[in-house]
1. Scanning the stretch 187-243 for residues that are modelled with pLDDT of 95 or more and in a loop (DSSP other than H, G, I, E, B), which turns out surrounded by the fewest Cβ atoms within 10 Å (Cβ to Cβ)?
2. Specify the residue that is farthest from Leu127 (Cα to Cα); the eligible residues are those in the stretch 19-36 that are assigned to a strand (DSSP E or B) and without any contact (Cβ under 8 Å) to a residue 60 or more places away in the chain.
3. If we keep just the residues of the stretch 37-62 that are aliphatic (A, V, I, L, M) and not in a helix (DSSP H, G or I), which is nearest to Pro134 (Cα to Cα)?
4. Confirm whether Ala162 is modelled with pLDDT of 95 or more, assigned to a helix (DSSP H, G or I) and under 15 Å from the mean Cα position of the chain (by Cα).
5. Identify all residues within the stretch 197-243 that are farther than 18 Å from Thr183 by Cα, more than 18 Å from the chain's Cα centre (by Cα) and not small (Gly, Ala, Ser); write none if there are none.
6. Go through Val108, Val140 for me and flag whichever is buried (at least 21 other Cβ atoms within 10 Å of the Cβ), in a helix (DSSP H, G or I) and either in contact with a helix residue (DSSP H, G or I) (Cβ under 9 Å, 6 or more places away or on another chain) or among the charged types (D, E, K, R) (or both).
7. Within the stretch 86-105, take every residue that is touching a Pro at 6+ places or on another chain (Cβ under 9 Å) and farther than 22 Å from Gly43 by Cα and give me the one that is surrounded by the fewest Cβ atoms within 10 Å (Cβ to Cβ).
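The values are calculated or read from the model by the stated rules, or taken from the named source; none is laboratory data. Nothing here was measured: the structure is a model prediction, and the numbers come from that model. When we count neighbours, we look across all protein chains shown, and the Cβ atoms used for this are built from the backbone with ideal geometry, even at glycine.
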Amino acid sequence: MRFTSERHLDDGLLEREFRLGEVPGILWTPDCASAPAPLILLGHPGGLHQMYPRLVARARYGAVEGFAAATIELPGSGDRPRLADAEQARADLRRALKAGEPVDDDIVDRLVLPLVERAVPEWRAALDALLALPGIGGPVGYSGGVISIGVRLAVVEPRIRAALLFAGSVVPRAMFEQARQVTIPLQVLLQWDDEGNDRQVALDLFDAFGSAEKTLHANMGGHTGVPQFEGDDGNRFFARHLR
């Protein structure tokens, strides 16, 4: 891990951009932390610079509870080289949605499964590097992003103790079997009127999760209409499980 910039934000948050090999990322840590801070990994749908305002807002929410937060760019997004197969699958998805046609399993698999296979090892490598830094400690939470990446991480990464997942992306059928293997505490956000999300698929995936503690927060509104109070609820969720 190589840090490429550092700045202190006006609310007592230290922001450092880094590169892990060729993967860019950002780490936020509270300036006033007196002990190693629990870490929350901030997932997103890709495009680190475009997503920055929402990511730093989420990091600020967590810092109120003394959490550090970090994120990395997804494969094929932002300034990273494009993935030809994923680009074609994304074009096929948009074409089907524009025509009002059902999105078949082949499109979903081509779009999501290769992304999961590439992204999850990168998240785990980032976690190795982040937990080796002074001022960062466990346990670790995962929040947001492409829900299939969150599901895979919850299955394969034992250092992640709780996850706040966003139901807002297409889900391959293969992920349902993996969801049954998830046992960590979960909180799932669902926007009831999300125009790009199949509500029934999101409900079926929630039902499939094997966690003994799982909570569904469903709010009216579209994809970007998550109520601000969900940030407070997310803090309380992570405070219960990362303290």
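1. Step by step, filter the stretch 187-243, then rank; the result is Ala212.
2. Ranking the qualifying residues of the stretch 19-36, first place goes to Pro30.
3. If we take residues in the stretch 37-62 being aliphatic (A, V, I, L, M) and not in a helix (DSSP H, G or I), then Ala37 is nearest to Pro134 (Cα to Cα).
4. Working: modelled with pLDDT of 95 or more: yes; assigned to a helix (DSSP H, G or I): no; under 15 Å from the mean Cα position of the chain (by Cα): yes.
Here the answer is no, as Ala162 does not meet what is asked.
5. Scanning the stretch 197-243 gives Asp198, Arg199, Gln200, Val201, Asn219, Met220, Phe229, Arg243.
6. Details: Val140 fails: in a helix (DSSP H, G or I).
Unique residue meeting the criteria: Val108.
7. Keep residues of the stretch 86-105 that are touching a Pro at 6+ places or on another chain (Cβ under 9 Å), which gives 86, 89, 96, 105.
Of the ones still in play, those that are also farther than 22 Å from Gly43 by Cα are 96, 105.
Working: Ala96: 14, Asp105: 12.
Checking each candidate, the answer is Asp105.
Okay, residues lined up against (1) over 22 Å from Ala154 (Cα atoms); (2) modelled with pLDDT under 90; (3) not basic (Lys, Arg):
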| site | (1), (2), (3) |
| --- | --- |
| Gln88 | yes, no, yes |
| Glu101 | yes, yes, yes |
| Asp106 | yes, no, yes |
| Asp109 | no, no, yes |
| Pro114 | no, no, yes |
| Arg124 | no, no, no |
